[in-house]
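Below: the structure, in structure tokens.
The values are calculated or read from the model by the stated rules, or taken from the named source; none is laboratory data. Since the model is a prediction, treat every value here as computed from it, not as a measurement. Here the Cβ is made from the backbone with ideal geometry for all residues, glycine too, and neighbour counts use every protein chain on show. Calculation scope for accessible area: heavy atoms of the full protein, side chains included, ligands and nucleic acids excluded. Shrake-Rupley method; radii C 1.70, N 1.55, O 1.52, S 1.80 Å.
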Amino acid sequence: MWIKKQIPNIITLLNLFCGCIGVIFAVHGNLELAALFAGLGIFFDFFDGLAARLLNAQSELGLQLDSLADMVTSGVVPGIVMFQLLSQVFGSPFNETSGSWGSGHTIESVDISYLSLLGLLITLASAYRLAKFNIDTRQTSSFIGLPTPANTLLILSLPLILKFQQEAWILEVVHNKWFLIGLTLVSCYLLNAEIGLFALKFKTWGFKENKVRYIFLILTAILIVLLKFVAIPCVILLYVLMSLVLRGEKISV
């Protein structure tokens with residue numbers, strides 16, 4: 001019985017484990033692998049709640065542990081990734097060849113642009129959102145503000161787009177400092193905005209009571225087939241827009 005109740009917590013710890021690996025890769029400038037492990041962590045984040053419901057093993061410990069894991073996977077990783085992207089734009093990329101936090105280096109010898117530190121605002125905004133979520137009784141069947149995993153997918157799509165879809169216009173947009181700074185600020189706002197967003201949690205599998213979720217998933221699949229990694233920011237935008245359209249209705253639909 002005890003083992004059964006710990007299964008969701010074990011899944012949550014796998015989320016944290018993947019997030020820690022993502023941090024290591026992000027710090028060393030390997031943003032694609034950072035995105036891969038953060039994405040794997042988000043996968044575990046989705047299933048820990050599902051496992052808790054199926055096993056009737058919800059607990060206050062699990063709730064707190066989930067937020068702590070999300071802070072790393074969906075808070076620290078995207079913040080460092082945005083820091084790295086801004087560092088590339090400002091001409092001071094930080095990785096294993098340009099600098100190290102280890103012995104033999106002082107803070108003065110590490111070449112970073114202070115404007116690149118704006119990327120870490122995402123980490124701060126994520127922490128604020130997660131703290132609010134834990135005490136907000138309104139977010140039981142829907143979200144208020146963009147969930148941290150969705151925001152993480154938005155940020156981590158950028159290095160994947162740069163790696164696998166190197167069209168000239170895409171490179172020009174993603175390597176634009178004002179785009180990255182603007183996206184950072186928009187990201188921080190959406191995380192904590194008083195905007196009701198529908199949740200993707202299925203209580204039943206019927207179409208009528210889940211039509212919004214099914215339509216969203218179908219459109220998401222179409223966008224991924226057509227746009228590949230560029231689809232990820234489009235899907236996040238679609239998610240916000242569909243939620244705004246539904247704002248006049250019950251957000252828990």
Requested in this report: Quick one: ALA35 ticks every box in (1) surrounded by fewer than 19 Cβ atoms within 10 Å (Cβ to Cβ); (2) within 13 Å of the chain's Cα centre (by Cα) except a single one, so which number is it?
Outcome: (1)
Query - Unmet criterion (only one of (1) at pLDDT below 90; (2) crowded, with 16+ Cβ neighbours inside 10 Å) for PHE216 - result: (1)
Requested in this report: Search the range 56-70 for residues that are at positive phi and pair each with any residue that is not acidic (Asp, Glu) when their beta-carbon atoms are under 7 Å apart and the residues are at least 6 apart or on different chains.
Outcome: none
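Looking at the range 163-182 only, could you name the residues that are touching a residue at least 24 places away in the same chain (Cβ under 8 Å) and either farther than 15 Å from GLY119 by Cβ or open to solvent by 20 Å² or more (accessible area, probe 1.4 Å) (or both)?
LYS163, PHE164, GLN165, ILE170, HIS175, ASN176, LYS177, ILE181
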